[in-house]
Each structure stands twice: as structure tokens, then as C-alpha cells.
Amino acid sequence: MQLLVNQLLPFDGTATLYENFLDPQFATRAFNQIRDESDWEQPEIKIFGNTVLEPRLSTWHNELGDGYKYSGVMRRAQPFSKMLSEIRDRCVEVTDTRFNSALVNFYRNGQDGMGWHSDNEACNGPEPTIASVSLGATRRFDMRHRKTGETIKIQLTSGSLLVMAGKSQQCWVHQVAKTKRVQEPRINLTFRRVIENFEN
Ligand SMILES: O=C(O)CCC(=O)C(=O)O
Ligand SMILES: [Mn+2]
């Protein structure tokens, strides 16, 4: 099957959407398996001095082990499951990037989300390639240019792959906004490459 590919950013980095990256049956199987086999966590975040729980569940996987800070906190690194490794390997093939870590997000329904941010962790280097695979419910994904405010809104469907690269993390921010319209759960896998021996 031919891949449907879309370039989303007009300038300052790339965001490439592969709409039918995984076939729908495989995506459903992957969703069920990852939902059931994961040891989900719900870390705390500080917002304006208040400590609250992140509005989603997640797991962090890093082949280099523990000891790397992610999103400002030290997170327990869990091993890659067979399913996670299989999808990671497919992303490596498409992007030619040797991903050694993954942040897996579980949005239980539309009331879970992720606010504006960029994946500009120092341990991923200045122009990281991030491969983001969506499973389950379709959610809207927005990207906004830091200077011009230009905003791109797309729907991330089950089985799609979004690859952000180049200056996309320096120059753009992105979010998965909360919505009352979605009741069903979604899992998102973001594969990243952590620089070995990076100290933070
Ligand atoms: O759920 C998504 O599509 C995006 C997740 C994300 O931006 C992240 O994990 O940094
Ligand atoms: Mn992100």
C-alpha cells in the first residue's frame, strides 16, 4: 500500500504526516496490548506554584536506563515491550533515526490532554527527530509558530505517524487540546533519541 504523506510546516522545520503508517487492524491490536500491558504512571506537575497531576497517564522507556531527566523530572525508565519495539523499528526504517527512548501517553478521554510545549529536551540535542504514532481515538493536534503565531491544526487518526524534525521544536510549539467531543481513549507513542552520557 502506498503511504499518504503530507508536509505540514511552511518553514522553520518539518512535520511530516504519514496517514496510513499502520494498518487499522494492527493499530487496534497495538492499542489494546499497550493499554493492558503498561504500568501506567501519573506524574505531578507544577503549574503556577500549585502541584497537580498531569491530565493523562504515561510511561517512559529508555534503553540507556534510568538517570536521565525528562520534562524536568527524573523518571523511572521501563523496558521496551515486544509491541513497542516492533513499532519503534518501523519508525526507525521510515526516519533513519535510531530511537532509543519513548514517551507513551494515554489520554483516557477528551478531558485528558497536553498543553502547549515543545520537545526541546537538552538530552535530545538541538534539532531532534521525534516520531509520534497515534492509536485509538482521533484527536486534534495543533502546531503554533513561536514568533509569527501561525497555527496548523490536524487530526491524528489511529495508525498515523507524525515525524517532527529540524527546527520544528525550536521554532514551533504543539498541543493536544482537551475537548468535550471525544469520549474514547487514545494512546500516543513518541519515539526519541537520547544522547548517550548526556548529563543534566
Ligand atoms: O499526543 C500527542 O499527539 C503528542 C504528545 C506529545 O507532544 C509529547 O509526548 O511530547
Ligand atoms: Mn510534544
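Quick check on region 174-198: of everything there that is surrounded by fewer than 22 Cβ atoms within 10 Å (Cβ to Cβ) and in contact with a Cys (Cβ under 9 Å, 6 or more places away or on another chain), which residue is farthest from P10 (Cα to Cα)?
Only one residue fits best here, namely F198.
I'd like the full set of residues that are part of a loop (DSSP other than H, G, I, E, B), within 16 Å of ligand 2 (Cβ to nearest atom) and farther than 21 Å from R140 by Cβ, limited to region 174-197.
Result: R193, V194.
Check T97, T129 and return the single one that is away from ligand 1 (no atom under 12 Å from the Cβ) and in contact with a strand residue (DSSP E or B) (Cβ under 6 Å, 6 or more places away or on another chain). First the steps, then the outcome.
On the way: T97 fails: in contact with a strand residue (DSSP E or B) (Cβ under 6 Å, 6 or more places away or on another chain).
Within the list T97, T129, the selection yields T129.
Determine which member of the set R140, R108 is more than 9 Å from ligand 1 (Cβ to nearest atom), under 25 Å from N62 (Cα atoms) and touching a Lys or Arg at 6+ places or on another chain (Cβ under 9 Å). Give the steps one after another, and end with the answer.
On the way: R140 fails: under 25 Å from N62 (Cα atoms).
Just a single option satisfies the conditions, and that option is R108.
Among residues belonging to region 56-72 that are in a loop (DSSP other than H, G, I, E, B) and either among the hydrophobic types (A, V, I, L, M, F, W, C) or buried (at least 16 other Cβ atoms within 10 Å of the Cβ) (or both), point out the one that is modelled with the lowest pLDDT.
Here is the first cut: in region 56-72, the ones in a loop (DSSP other than H, G, I, E, B) are 56, 63-68, 71-72.
If we keep only those that are either among the hydrophobic types (A, V, I, L, M, F, W, C) or buried (at least 16 other Cβ atoms within 10 Å of the Cβ) (or both) as well, we get 56, 63-64, 68.
Details: R56: 97, E63: 92, L64: 88, Y68: 71.
So, considering only residues that are in a loop (DSSP other than H, G, I, E, B) and either among the hydrophobic types (A, V, I, L, M, F, W, C) or buried (at least 16 other Cβ atoms within 10 Å of the Cβ) (or both), the one modelled with the lowest pLDDT is Y68.
Which one of K153, K147, K178, K167 is closer than 25 Å to V52 by Cα and away from ligand 1 (no atom under 11 Å from the Cβ)?
The unique qualifying residue is K178.
N20 versus (1) polar (S, T, N, Q); (2) over 12 Å from F191 (Cβ atoms); (3) in contact (Cβ under 8 Å) with a residue 12 or more places away in the chain; (4) out of contact with any Leu (no Cβ under 7 Å at 6 or more places or on another chain): which is the lone unmet condition?
(4)
The values are calculated or read from the model by the stated rules, or taken from the named source; none is laboratory data. Small disclaimer: the values here were computed from a predicted structure and weren't measured. Counting neighbours? That spans all protein chains shown, and the Cβs are built from the backbone with ideal geometry, glycine included.
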